[in-house]
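The values are calculated or read from the model by the stated rules, or taken from the named source; none is laboratory data. For clarity, every value in this text was computed on a predicted model and none was experimentally measured. With ideal geometry, Cβ positions are generated from the backbone for all residues, glycine too; neighbour counts draw on all protein chains shown. All accessible areas refer to the heavy atoms of the entire protein, side chains included, with ligands and DNA or RNA removed. Shrake-Rupley method; radii C 1.70, N 1.55, O 1.52, S 1.80 Å.
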There are 2 protein chains.
Amino acid sequence: MQTVEPLRSSRNPLRYLAAAIVLCASVALAGCAGHAPQRDGQSAAAPLATPGTQMADALPSWQDSAARAAILKFVGDVTRDGSPSYVRPEARIAVFDNDGTLWSERPMPFQLLFMIDRLKAAAPQHPEWQRNPVFKALMAHDAVTLAKNENALLQLLEVANSGMTTDQYDQMIRDWLASARHPTLDRPYTSLVYQPQLELLALLRANGFQIWIVSGGTAEFMRVWVNEAYGIPPERVVGTQEKLKYGMRDGKPVLVREPGIEFNDDGPGKPVGIVRAIGQRPILAFGNSDGDREMLEYTTAGTGPSLGLLLHHDDASREFAYDRHAGSASLDKAWDEAAGRGWIVVSMKQDWKTVFPAKPGSGTQ
Amino acid sequence: MQTVEPLRSSRNPLRYLAAAIVLCASVALAGCAGHAPQRDGQSAAAPLATPGTQMADALPSWQDSAARAAILKFVGDVTRDGSPSYVRPEARIAVFDNDGTLWSERPMPFQLLFMIDRLKAAAPQHPEWQRNPVFKALMAHDAVTLAKNENALLQLLEVANSGMTTDQYDQMIRDWLASARHPTLDRPYTSLVYQPQLELLALLRANGFQIWIVSGGTAEFMRVWVNEAYGIPPERVVGTQEKLKYGMRDGKPVLVREPGIEFNDDGPGKPVGIVRAIGQRPILAFGNSDGDREMLEYTTAGTGPSLGLLLHHDDASREFAYDRHAGSASLDKAWDEAAGRGWIVVSMKQDWKTVFPAKPGSGTQ
């Protein structure tokens, strides 16, 4: 596997996505070998926390470890009337990264796999692409050529994923999710949400937290499935924003997707997205990569109680193992800072009894 | 009063604000004469609708007119189980413009008065402004010079309203609202919310609606007071977005306000803001000017039941009278379209028994 460092600092906010494609082009599009996890077999219908659930029974898919104890203590402290750490319900804002924190992100963010499938689906309407060296390289999984032509690759993806209305695009996402399967895990993507996180979301919800997704992906891609998967309503999703244009088609007002990114909700963009959409500083933030560093930093710099959490993907047998040198979605600088800032690093391998739910869709229970 | 048409189509989205300043510079900054309303005396503690309130008792400050009947019928239809127009609670999204719809906007949007006051407050730190012809024109209420220098005026306002952190700016807004008074109505700005609209918000809330503000102003300016004034939480405010930059000051992570606008939530921007923030098409939209036309158009073009409402400011004795030729915040094209699209035009004069609340802050009751 080639290690092409993503160009996060460049002006095109999608460049790191291109890096992810390049990184995995030789294997991912055909199926990433090497990290195929065993099917998770321990998560038989774990009950979710509901109001009234005792803390001791909460988070059943979490090992009885320091990470679980820290979460339970925090939730107990901020909700217990008279506690010096009490936080009124309106201020109990929890923010979660999505890719790699609430569901898997390997071989590359699933939204990118969808965008590539849109490119393939659009190819018959673009015979000129057959002569396009970047399109040919993508089809041939030629990472070397893709690495040399990242901007051209992004332009192709943008063309293939624009021009339609938001309603049409929503339907394309729904159709894709209904039929697509992960290249190595051979499961629908929406079944690759993490069971321990579903239990954490349920615990927070039962304790009056307002839960938001703050993702480097787009809200449009997430909104059609996050309510069913996580129990998070569509208006609680903050993401990267693509260009939209209001206009009329066939006498009906529509929003048309245009190529280009207006706001990049990643890294230092995450606190900006939080302030714009939520207008309050969260008290809990959960991420898994350096793209979440600033979100955790901002969340845990408030004057009241706060909790920062990082998921460490160290479980090659059940999911994937990647951190400092992952190429994309690295956990490096944030990991270094965790100890000094008191952030909890959750080990997938050691802190989670199970990874994926036995059956999908349990987030809404 | 000069009539300078606002340059809404120009590239700087704040230009219409400049037009509003120019329009009223000769009178507004010292107090707009001519439309000074009488203090509203009829609103003695009108009870707000609460869950269980009979429809017949709802909206007590509304005259028993066709507008009130249309609202009550719509709310009844979409909430009555088994009704062909029934809408499940998750889809009961209502969007309200703020300036001129939920509170007054004359002589100019109150946010602009705040920004001008920030400019005055910053003047001692900018001795060079004393030689700036635009600053001098603003201080002298010289509309002719301001009209010729709109961009320079906007640049000055942006400089005076940037450079600080969002937390510092929030405090400046709070301080201003606590002491500033409307130039002609001589009341705190937050007491210039409309009593009949507070009752409508309460009726919608009691019937399971999710209420959002979708304003040409910024969410930052509204969030510090809308919960107390309207009972609308800070995360349900969509507005024009200024530039923010994440960084460290004195070792603390902060968001710094930078000059410039990233997203203009007005006119065709309102449906874009709605789709981005809410992700669902509303079923009720209430506005008062052509800047709300596309929001109403988008809302009422859904396949299910919907209601579009426009407030007509025709009440010079109790508030202000302006519509087609207002210069800024005109009600012209949207008014023309109302009949054909079935939008309800609410007459402040004829449909509202009272305009302002007897005491401020009743929105949260």
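Of all residues in the range A:270-292 being touching a Lys or Arg at 6+ places or on another chain (Cβ under 8 Å) and under 13 Å from residue A:90 (Cα atoms), which is nearest to the other protein chains (Cβ to nearest Cβ)?
A:279
Which residue out of B:165, B:190 is farther than 30 Å from residue B:94 by Cα and of a type in the set (S, T, N, Q)?
The unique qualifying residue is B:165.
Give the residues of the range A:145-174 that are in contact (Cβ under 8 Å) with a residue 40 or more places away in the chain, farther than 27 Å from residue B:279 by Cβ and of a type in the set (A, V, I, L, M, F, W, C), sorted by residue number.
Passing the criteria: A:146, A:147, A:153.
Sort out for me the strands (runs of 3 or more DSSP E) sitting completely within the range A:234-345 that have 1 or more residues that are open to solvent by 10 Å² or more (accessible area, probe 1.4 Å). Give the steps one after another, and end with the answer.
Values: elements: A:237-249, A:252-263, A:284-287, A:307-314.
Here the list reads A:237-249, A:252-263, A:307-314.
Those residues that are out of contact with any Lys or Arg (no Cβ under 9 Å at 6 or more places or on another chain) and open to solvent by less than 60 Å² (accessible area, probe 1.4 Å), I need them from the range A:118-133; list them, please.
A:118, A:119, A:121, A:122, A:123, A:126, A:132
Open to solvent by less than 20 Å² (accessible area, probe 1.4 Å) and in contact with an Asp or Glu (Cβ under 8 Å, 6 or more places away or on another chain): which single residue out of A:96, A:110 fits that description?
On the way: A:96 fails: in contact with an Asp or Glu (Cβ under 8 Å, 6 or more places away or on another chain).
Result of the check over A:96, A:110: A:110.
Can you tell me which residues in the range B:250-269 are farther than 26 Å from residue B:153 by Cβ and more than 8 Å from chain A (Cβ to nearest Cβ)?
B:250, B:251, B:254
Of the residues in the range B:62-93, how many are of a type in the set (D, E, K, R), crowded, with 20+ Cβ neighbours inside 10 Å and within 14 Å of chain A (Cβ to nearest Cβ)?
1
Could you please tell me which pairs satisfy a Cβ distance under 7 Å, a separation of 6+ or placement on different chains, a first residue in the range A:238-249 that is facing chain B (nearest Cβ under 8 Å), and a second residue that is surrounded by fewer than 15 Cβ atoms within 10 Å (Cβ to Cβ) and assigned to a strand (DSSP E or B)?
The qualifying pairs are A:244/A:258; A:245/A:258.
All but one of (1) more than 10 Å from every other protein chain (Cβ to nearest Cβ); (2) open to solvent by 10 Å² or more (accessible area, probe 1.4 Å) hold for residue A:230, so report the exception by its number.
Going through the list (1) more than 10 Å from every other protein chain (Cβ to nearest Cβ); (2) open to solvent by 10 Å² or more (accessible area, probe 1.4 Å), residue A:230 breaks only (2).
Which condition breaks for residue A:137 when tested against (1) small (Gly, Ala, Ser); (2) under 24 Å from residue A:222 (Cβ atoms); (3) touching a helix residue (DSSP H, G or I) at 6+ places or on another chain (Cβ under 7 Å); (4) outside the structural domain of residue A:201 (by TED's automatic domain parsing)?
If we test residue A:137 against (1) small (Gly, Ala, Ser); (2) under 24 Å from residue A:222 (Cβ atoms); (3) touching a helix residue (DSSP H, G or I) at 6+ places or on another chain (Cβ under 7 Å); (4) outside the structural domain of residue A:201 (by TED's automatic domain parsing), just (2) comes out false.
Using beta carbons and a limit of 8 Å, which pairs, at least six apart or on different chains, have the first residue in the range B:66-82 and closer than 16 Å to residue B:304 by Cβ and the second one at pLDDT below 95 and open to solvent by 30 Å² or more (accessible area, probe 1.4 Å)?
Filtered contacts from the range B:66-82: B:75/B:55; B:76/B:55.
Of the conditions (1) at pLDDT 50 or above; (2) under 20 Å from residue A:147 (Cα atoms), residue A:64 clears all except one; give me its number.
(2)
Find all pairs meeting these conditions: Cβ atoms under 8 angstrom apart; at least six residues apart or on different chains; first residue within the range B:259-274 and farther than 10 Å from residue B:239 by Cα; second residue of a type in the set (A, V, I, L, M).
Note: pairs meeting the criteria are B:259/B:159; B:261/B:14; B:271/A:255; B:271/B:295; B:272/A:244; B:272/A:255.
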